[in-house]
Each structure stands twice: as structure tokens, then as C-alpha cells.
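The block underneath contains the structure these notes are about, expressed in C-alpha cells.
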Ligand code: MN
């Protein structure tokens, strides 16, 4: 990959969004952002990011419904989607796995490891099931 990965961040919390975006941009990633799942889906279809970081609790459609919408559409079905969540509960982790997320990144992010985590997930693509 000669170009830096394009990362779509779907997050309604402005501080979380800004931190994730700034940390990625410092490392040279290209970023797109959306504050709702609906806007995120539109952007994903148009821009075909290498990876999507998807918050779960969003106004309107939630992150799990958004994942299903992305998977249901041929032009976005191959994009890896990462649950971007503050929950450390096992039930939530199981629920996100069952929904088909390709990985999980916890908030608040660890700025030292976050860029490498995102790069690994963007490069690896969809998880084999
Ligand atoms: Mn949220």
C-alpha cells in the first residue's frame, strides 16, 4: 500500500472523534468522519475507505444496524468494520463479534498503540469466518 490508509470514523462524541482523527492524521492516515450512521453509510459508499471505525451508540441508527447495512450492500460489503466502543463487558464483546465486526478498539484510545491497531486492521481486511 503506497498510499496511506483511508479511515472512516463514525462517532457522535466530538472529543472522541477529534482525538482519533488527530492521532491518525499525525501518522499520515487519510480520514473521513461522520457523526451519524446514516452519514457514515453515505460516505462509505462514495469513498470506499480501507477501514471503518464504528461507534455503537449513535443517534438514529446504531452501529450494529450500520454494520449490517454496509454488509448488505455489494459496494461496501468487503470493507472491514471495527467496533469503536467504551464497553469492556464480555456480553457486549460477544454481541459485537456475533454481529460480524472485524475487530474492536476500546475508547478511550491509547494514542501510542491506536495508529498501529488501525493500520493492522485496514491492511488485513475482513476477518475470515
Ligand atoms: Mn456514541
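Derivation of every value follows stated rules applied to the coordinates shown; laboratory data play no part. What you see is a predicted model; the values in this text were computed from it and never measured. Positions of Cβ are generated from backbone atoms using ideal geometry, with glycine treated the same way; all protein chains shown enter the neighbour counts.
Taking 8 Å as the Cα distance limit and 6 or more residues as the minimum spacing, I'd like the relative contact order of the stretch 1-80 as a percentage.
This gives 33 percent for the stretch 1-80.
What is the packing order of peptides 104-113, 61-70, taking the mean over residues of other C-beta atoms within 10 Å and listing the highest first?
On the way: 104-113: 13.9, 61-70: 19.3.
Top of the packing list down: 61-70, 104-113.
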Item to check | Average Cα contact separation per residue, the stretch 56-112, under 8 Å, 6 or more apart, as relative contact order % | outcome: 34 percent
Checklist outcome for this item: The computed P(r) of the stretch 50-102 puts the percent of Cα pairs beyond 16 Å at 36 percent
Checklist entry - Once all Cα-Cα distances of the stretch 1-64 are split into 5 Å bins that start at 0, what whole-number percent is in each one? => result 4, 20, 30, 24, 15, 5, 2, 0
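How big is the convex hull of the Cα atoms of the chain, per residue, in Å³?
99 Å³
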Checklist entry - What nm value, rounded to one decimal, do you get for the distance between residue 18 and residue 89 when each label is placed 7 Å out toward the C-beta? => result 3.0 nm
Checklist outcome for this item: Only helices counted: for the chain, with every DSSP H run of 4 or more residues adding -39500 (n - 2.57) and the sum spread over all residues, [θ] at 222 nm is -13000 deg cm²/dmol
